[in-house]
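As structure tokens, the structure follows; a few thoughts come after it.
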Amino acid sequence: MKVSTKGKYAVLAAYELAVSYNKQALTIKAIADNQQIPKQYLDQLMKKLRQQGVVESIRGPKGGYRLSRPPGEITVGEVIRAVEEPTVPVECKNGEKCGKCESCVASILWDKIANSISRVIDSETLEDMLNY
């Protein structure tokens, strides 16, 4: 699995919000500047993260974004899945049938790879990233 730019930027933005957890909400501009993410691109990602319940938006003069839950309760997998397509190692595991799935000798291998990736990203929280 290759994490796309969407997934990479979403993780960096979520990390930035984890750093400021329990402080003032962060604006898109502040997150973009601190993590060197294009502002317009980040705006789209933050909307998806909000829709998936990872972040919440705050209105007003001190408005911006903040995590919806403590960093220890949000996994990297949750952040990535909020903005990415399914995390599978090959296209045929993404619902696109090649016609050989039932007899494919590599099918079990692809499943094991996908499960291993999920295990890692679902076991790491934003709080873990703060401790790196």
- Helices from the chain with mean Kyte-Doolittle at least 1.6 and a Cα length along the axis of 30 Å or more, per DSSP H: which? none
- Would you please put 23-34, 104-115, 44-55 in order of how densely packed they are, using the mean number of other Cβ atoms within 10 angstrom per residue and starting with the highest? 44-55, 23-34, 104-115
- Query: What's the FRET efficiency of D33 with E73 using the Cβ-Cβ distance as r and R₀ = 25 Å, to the nearest 0.05?
  - Reply: 0.40
- Between I74 and residues 5 or more places away or on another chain, which pairs have amide H atoms under 5 Å apart, with H built 1.01 Å from N, and which residues are they? L126, E127
- Message: Tell me the net charge near A25. Cut-off is 14 Å between Cβ atoms, A25 excluded, with +1 for each Lys or Arg and -1 for each Asp or Glu.
- Response: +4
- Message: Considering all projection directions equally, how large on average is the shadow of the alpha-carbon convex hull of the chain, in square nanometres?
- Response: 8.7
- Query: Near E73, within a Cβ-to-Cβ distance under 13 Å, what is the net charge of the other residues, with Lys and Arg +1 and Asp and Glu -1?
  - Reply: -4
- Message: Starting from 0.36 nm per residue, how many nanometres of slack lie between I108 and Q44 once their C-alpha separation is accounted for?
- Response: 19.5 nm
- Mean Cα-pair separation over length for the chain, i.e. relative contact order, pairs under 8 Å, 6 or more apart, %: 31
- Report the full-extension gain for the segment Q52 to N22: residue separation times 0.36 nm, less the Cα-Cα distance, to one decimal in nm. 8.7 nm
- Averaged per residue, the 1.4 Å probe accessible area of the chain, protein heavy atoms only, in Å², is roughly 62
- Item | the chain - mean residue ellipticity at 222 nm from DSSP helices (-39,500 (n - 2.57) per run, n ≥ 4, rounded to 500) | -15000 deg cm²/dmol
- Gaussian network model of the chain, springs between alpha carbon atoms under 10 Å - residue of R119, R66, R81 with greatest fluctuation: R119
- Note on the structure: Per the charge dipole of the chain (beta-carbon charges, Lys/Arg positive, Asp/Glu negative, Cα centre), the residue among V19, Q36, V83 reaching farthest to the positive end is Q36
- Query: Where the accessible area of the chain is counted over protein heavy atoms with a 1.4 Å probe, how much of it, in %, is carbon and sulfur?
  - Reply: 49
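The values are calculated or read from the model by the stated rules, or taken from the named source; none is laboratory data. Note that this is a predicted model, so its numbers are computed, not measured. Positions of Cβ are generated from backbone atoms using ideal geometry, with glycine treated the same way; all protein chains shown enter the neighbour counts. Ligands, DNA and RNA are stripped out before the accessible areas are found, and what is left, the full protein with its side chains, is counted by its heavy atoms. Shrake-Rupley method; radii C 1.70, N 1.55, O 1.52, S 1.80 Å.
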